[in-house]
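Remarks on the structure that follows.
The values are calculated or read from the model by the stated rules, or taken from the named source; none is laboratory data. Every value quoted in this text rests on a predicted model; they were computed, and no experiment measured them. All Cβ positions, glycine included, derive from the backbone under ideal geometry; neighbour counts span all protein chains shown. Protein only, heavy atoms only, side chains kept; ligands, DNA and RNA dropped before computing areas. Shrake-Rupley method; radii C 1.70, N 1.55, O 1.52, S 1.80 Å.
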Amino acid sequence: MDALVFKTIDRLVTKGTLKVTTAKGASAVFGDGTGSPVSVRFLSPAAQRRVLIDPELRLGEAYVDGELILEKGAIVDFLDLILSQDDAYKRPFSSRMLSGLRLLLRRFNQQNERRRSRRNVAHHYDLDRRLYDLFLDKDRQYSCAYFENDTDTLDQAQQAKRRHIAKKLLVGRGARVLDIGCGWGGLARHLADNYEAHVTGITLSQEQHEFAKAQAERATYVNRADFRLLDYRDVVGQFDRIVSVGMFEHVGVNHYDTFFRKCRELLTDDGVLLLHSIGRSDRSGFTNPWIAKHIFPGGYIPALSEVLPAVERSGLLVTDIEILRLHYAKTLKHWRERFLARRAEAIELYDERFARLWEFYLALSEMAFRHGGMMVFQMQIAKRQDSVPLTRNYIGAENALARKIESYGGNGHVSNSLVVPLQESDLYLTDTATEQPPIGNVR
């Protein structure tokens, strides 16, 4: 068995420096000797055998169960080394066979009907809310941040993300906004507070719903933010704007047509939809089996080639697509480092095994965005071609406007390129050349 393990790793690892020690105590070093050395040790032959047959699932389980330990370096260093290899045709035959089977079964695994969707969401998002305070920003944004500068803090980058989304939505005073998958309500609060929009946020997480509702009830914009425990398929009404951030990954490839047709039904004729989602840079695939089993059951990261046909079939129009490449890798690095700094508190909330599980999850996700073809896309969608400006100039032009609004701490609002602070003595106009159309029938 040791010889087979070493032969497999020798084919896989051609860069870096990796030392592997088997459960029987045999050791070997692999790679070209470059980089910081990483050393791992198996503590049981059974774990060794399982990882050899199905590394995509069993490697993480071996680490979480304490059957694979790091003797030099951290788990993020090990995953960085492994995932940076060119391994497309070097994985064990059993692993390639399992990949083919998982691809065939992916539609079955993504049958996210209402009851199953609620159960999937509860698995991850209904954990003790104090866990998320260990590593998220102060507003609990649990999605890719937007780093305008390399020196941005996590809070600054998350605020920039909210601002960037608001600009693409062309949100104006009094606009009716639906936030699908609102999380803990940070974006909805931002739009209600800074833009005086009327925001309905929906989530399937009991914990998120309770938190978002409690936050809104203590705010000055309580009458402009409404949070509901509701499936997107059950929403009724008409909205000038729809936004969805980090939720589309839970829809499931079987339900893309349903999602976009529902959005079309809910949008006003001149409405705008902004979809912010993780995506694949390459062709369609299947969810990493470890992530699917332990972190996000029912989740799937789509390729654009899977999303665009569903938009087309719904009768909606794609008006803009922006690809955020390494922004999520930077976000996850912040989350991972913040989690590790407060790791002892995670153990107090749960236990050591749980802390290892989340450490592996954050490290694996970060490396997937650095080496695994993962990215984030922001897709702006409308019913009519004239619902948004003809060029992207408005995004930059509105940036200074948004910053002025935020400088008032929410004591101002936007009304179609007009900031009106509550102090009547202050009045700021943006560049009159900005191409910004009316928002529905709301002026």
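Some points to look at:
- Here the range 220-266 has 46 percent of its accessible surface on carbon and sulfur atoms, given a 1.4 Å probe and all protein chains in place.
- Note that the range 1-120 presents 54 Å² accessible area per residue, ligands and nucleic acids not counted, probe 1.4 Å.
- Counted over the range 277-370 with a bin width of 5 Å, the fraction of Cα pairs per bin, in whole percents, is 2, 11, 17, 19, 18, 12, 9, 6, 4, 2, 0.
- Carbon plus sulfur fraction of accessible area for the range 52-155, probe 1.4 Å, in percent: 53
- Annotation: lysines with alpha-carbon distance below 28 angstrom to Lys7 (same-chain offsets under eight excluded): Lys15, Lys19, Lys24, Lys72, Lys90.
- Label-point separation in nm, Ser44 to Asp226, each point 7 Å along Cα→Cβ: 5.3
- Distant alpha-carbon pairs in the range 91-154 (separation over 20 angstrom), percent: 60
- Listed pairs Lys138/Lys262; Lys138/Lys161; Lys168/Lys383 exceeding 22 Å between Cα atoms: Lys138/Lys262
- For Ala197, the residues 5 or more places off, or on other chains, whose built amide H falls under 5 Å of its own are Gly174, Ala192.
- Proximal charge balance of Phe30 [Cβ under 10 Å; K/R count +1, D/E count -1]: +1
- Per residue value of the accessible surface for the range 206-298 (all protein chains in place, 1.4 Å probe), Å²: 39
- Taking the C-alpha atoms of the range 166-313, convex hull volume expressed per residue in Å³: 111
- P(r) tail fraction, the range 89-240 - alpha-carbon pairs more than 23 Å apart, %: 48
- Fully extended contour minus Cα-Cα distance, from Ser99 to Asp386, at 0.36 nm per residue: 98.9 nm
- Once the Cα gyration tensor of the chain is diagonalised, semi-axes √(5λ) in Å: 43, 23, 20
- Calculated over the range 1-91, the projected area of the Cα convex hull averaged across directions stands at 5.1 nm².
- The range 79-189 - percent relative contact order, Cα under 8 Å, separation 6 or more: 18
- Lys72/Leu127 FRET efficiency (R0 45 Å; Cβ-Cβ; nearest 0.05): 0.90
- Highest-first arrangement of 139-148, 43-52, where packing means the average Cβ count within 10 Å: 139-148, 43-52
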